[in-house]
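*Asks:* Okay, handing you the structure first.
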Amino acid sequence: MNYANQPQSAPIISVKDWLVTLLILIIPVVNLIMLFVWAFGGGANPSKSNYAKAALIWMAIGFVLYLIVGVLFIGLIGSSIK
């Protein structure tokens, strides 16, 4: 399928803009705040908004898995102490 002739609804994000985005995302706490701003703020480029939503979903999945493993580990430790 040829997408070259279709008009774009949003400007393409340049490499420089992606580098700045990734630089912001390596700063602790700021990255989480900015992901929420880009995902739900409404002013971001749709590509960046979709990326932020996907990153937040992966963070949520990782957090839930971390909690499950943590609870299982604590339960294992607690049962071996008795």
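The values are calculated or read from the model by the stated rules, or taken from the named source; none is laboratory data. Since the model is a prediction, treat every value here as computed from it, not as a measurement. Counting neighbours? That spans all protein chains shown, and the Cβs are built from the backbone with ideal geometry, glycine included. Quick note on the areas: whole protein, heavy atoms, side chains included, nothing else; ligands and nucleic acids left out. Shrake-Rupley method; radii C 1.70, N 1.55, O 1.52, S 1.80 Å.
*Asks:* Using θ = phi - 60° and the Karplus curve 6.51 cos²θ - 1.76 cosθ + 1.60, what whole-Hz ³J(HN,Hα) does each residue of the stretch 69-81 get, with Gly and Pro shown as x?
*Replies:* For the stretch 69-81, the Karplus curve yields 5, x, 5, 5, 5, 5, x, 5, 5, x, 6, 7, 6 Hz.
*Asks:* Once both labels are modelled 7 Å past Cα along the beta-carbon direction, what's the Lys16-Asn50 spacing in nm?
*Replies:* About 2.5 nm separates the two model spin labels.
*Asks:* Using only the Cα atoms of the chain, build the gyration tensor, take square roots of its eigenvalues as a ≥ b ≥ c, and label the shape rounded, prolate or oblate: rounded if a/c is under 1.5, else prolate if a/b is larger than b/c, else oblate.
*Replies:* prolate
*Asks:* Tell me, what ³J(HN,Hα) does each residue in the stretch 17-24 have, in order and in whole Hz, if you take phi through Karplus 6.51 cos²θ - 1.76 cosθ + 1.60 with θ = phi - 60° and put x for Gly and Pro?
*Replies:* Using θ = phi - 60°, the values come out as 5, 5, 5, 5, 4, 5, 5, 5 Hz.
*Asks:* In Å², and per residue, what accessible area does the stretch 15-81 have when probed at 1.4 Å with the other protein chains present?
*Replies:* That works out to 75 Å² for each residue.
*Asks:* While we're here: With the contact rule set at Cα under 8 Å and sequence spacing of 6 or more, what percent relative contact order holds for the stretch 15-81?
*Replies:* So the answer I get is 18 percent.
*Asks:* Using a basic spin-label model with each label point 7 Å from the Cα along Cα→Cβ, how many nm lie between Leu72 and Ile57?
*Replies:* 2.4
*Asks:* Report the label-to-label distance for Val37 and Ser79 in nanometres (one decimal), using points 7 Å from each Cα along the Cα→Cβ vector.
*Replies:* 4.6
*Asks:* If you don't mind, there's one more thing I want to ask. Give me the percent of the accessible area of the chain that comes from carbon and sulfur atoms, probe 1.4 Å, all protein chains in place.
*Replies:* 74
*Asks:* Next question. Apply the Karplus parameterisation 6.51 cos²θ - 1.76 cosθ + 1.60, with θ equal to phi minus 60°, to every residue of the stretch 31-44 and state each ³J(HN,Hα) to the nearest whole Hz, in sequence, with x for glycine and proline.
*Replies:* 4, 5, 4, 5, 4, 5, 5, 5, 6, 10, x, x, x, 7
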